[in-house]
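**Student:** Below is one structure. I have some questions about it.
The values are calculated or read from the model by the stated rules, or taken from the named source; none is laboratory data. What you see is a predicted model, and the numbers here were worked out from it, not measured in a lab. Positions of Cβ are generated from backbone atoms using ideal geometry, with glycine treated the same way; all protein chains shown enter the neighbour counts. Calculation scope for accessible area: heavy atoms of the full protein, side chains included, ligands and nucleic acids excluded. Shrake-Rupley method; radii C 1.70, N 1.55, O 1.52, S 1.80 Å.
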Amino acid sequence: MTLLATHDLTAFYGDFQALYGINAHVDEGETVAIVGANGAGKSTLLAAITGRRKAPPPMIEFDGRPIGGMRPAEIMALGIALVPEGRQLFQSLSVEENLLVGNYGRKVRGPWSLERVYSLFPILKERRNQDSSSLSGGQQQMVALGRALMSNPRLLLCDEISLGLAPAVIKDIYKAIADIRAEGASVVIVEQNITQALAVSDRILCLLEGRVTLSGRPGELTRDQIGMAYFGG
């Protein structure tokens, strides 16, 4: 069953058009990777889905309901959570306070609670009372991911969650993504790392200059096809 769908989605920054007629979907329980170089439109697509970039209502549907143009808080309350690029934690708050922010605005029964997040990332429990600014980059990414999970989302959007992290930390983060998916959430992962995207996704969507250039299942796509769609030519 389709959980999220976009229909000829466009997006603008003033006179600059960033997205051109994006048609995409995410099914329940599915992991979709969105790949593309810098400036391809990946983050703009997530911004439109989460209401941070306005779109006409019919262009975005969630669970069969038009959500284009809704406020971010309203979209979050429906069950869409974002792990933003750059983490965007509240640096003056403790680890635990940052996590609890994720529970504000959407209080529903689900698998994710403070203790469940701590079981996923034990280091956060050890450092629960520290300011988030004192954590390493990888630990801050864990907080950002845990904060999103605290709303028990039906759809989790992850924007460049491996960017700037050490390989060992990336491995831990993506192991957590597998655990999150096992609990029933659908996941969208925005990645520049094609190898990583292919390893974790059911389907891959490639963007180039605001347009979809390739879509398919990893096992059905060749490296040459992906490379051409990613870089153009």
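**Student:** What length, rounded to one decimal in nm, is gained on full extension from S113 through to A182, with 0.36 nm per residue of separation minus their alpha-carbon distance?
**Tutor:** Working: separation 69, 0.36 × 69 = 24.84 nm, distance 1.56 nm.
Value of the extension gain: 23.3 nm.
**Student:** Moving on to the next point. Treating the angle as unsigned and between 0 and 90°, give the value, to the nearest 10°, between the Cα long axis of helix 167-182 and the longest Cα principal axis of the chain.
**Tutor:** Roughly 80 degrees between the two axes.
**Student:** Turning to a different aspect of this structure: For the chain, what is the accessible area per residue in Å² when the probe is 1.4 Å? Don't skip to the end; give the middle numbers.
**Tutor:** Values: 10610 Å² over 233 residues.
Here the residues of the chain average 46 Å² of exposed surface.
**Student:** Once fully extended, how much extra length lies between R71 and E209, figured as 0.36 nm per residue of separation less the alpha-carbon to alpha-carbon distance?
**Tutor:** Net length gain for the segment: 47.1 nm.
**Student:** Moving on. Could you give the length gained on full extension between R52 and F12, defined as 0.36 nm per residue of separation minus the Cα-Cα distance, in nm?
**Tutor:** Numbers: separation 40, 0.36 × 40 = 14.40 nm, distance 1.19 nm.
This chain segment gains 13.2 nm when fully extended.
**Student:** I want to check the label-to-label distance for S134 and H25. Put each point 7 Å from Cα in the C-beta direction and report it in nm to one decimal.
**Tutor:** It is 4.9 nm.
**Student:** Among rounded, prolate and oblate, which fits region 96-186 when a ≥ b ≥ c are the square roots of the eigenvalues of its C-alpha gyration tensor, a/c under 1.5 means rounded, and a/b larger than b/c means prolate?
**Tutor:** Taking the square roots of the gyration eigenvalues as a ≥ b ≥ c, region 96-186 is oblate.
**Student:** Could I ask something else about it? Take peptides 46-55, 1-10 and line them up by average Cβ neighbours within 10 Å, highest first, as a rough protection proxy. Display every interim value, and only then the final one.
**Tutor:** Details: 46-55: 20.8, 1-10: 17.2.
Highest to lowest by the protection proxy: 46-55, 1-10.
**Student:** Now for a separate question. Decide, for the chain, between rounded, prolate and oblate: order the square roots of the alpha carbon gyration tensor eigenvalues as a ≥ b ≥ c, take rounded if a/c falls under 1.5, and otherwise choose prolate if a/b is larger than b/c, else oblate.
**Tutor:** Values: a/c = 1.69, a/b = 1.36, b/c = 1.25.
Judged from the Cα gyration tensor, the chain comes out prolate (a/c at least 1.5, a/b above b/c).
**Student:** Let me ask something additional. For an R0 of 30 angstrom, estimate the FRET efficiency from the Cβ-Cβ distance between Q225 and M1 and round to the nearest 0.05.
**Tutor:** Working: r = 28 Å, r/R0 = 0.94.
Result of the calculation: an efficiency of 0.60.
**Student:** Any idea how far the Cα center of region 157-183 sits from the one of region 194-217, in Å?
**Tutor:** The two parts, judged by their Cα centres, are 17 Å apart.
**Student:** Could I have the simple spin-label model distance between E85 and V101, label points 7 Å from Cα toward Cβ, reported in nm to one decimal?
**Tutor:** The modelled label-to-label distance comes out at 1.9 nm.
**Student:** So what is the calculated 222 nm ellipticity per residue for the chain, using -39500 (n - 2.57) for each DSSP H run with n of 4 or more, over all residues, to the nearest 500 deg cm²/dmol?
**Tutor:** -9500 deg cm²/dmol
**Student:** Now a separate question. Report the residue, chosen from L205, L214, L149, that carries the largest GNM mean-square fluctuation when the chain is represented by alpha-carbon nodes joined by springs under 10 Å.
**Tutor:** The residue with the greatest mean-square fluctuation here is L214.
**Student:** A further question on this structure: What is the percent carbon and sulfur in the accessible area of region 39-148, measuring with a 1.4 Å probe over the protein chains and ignoring ligands? Can you show the working numbers first?
**Tutor:** Values: 2640 of 5100 Å².
Percent of accessible area from carbon and sulfur atoms in region 39-148: 52.
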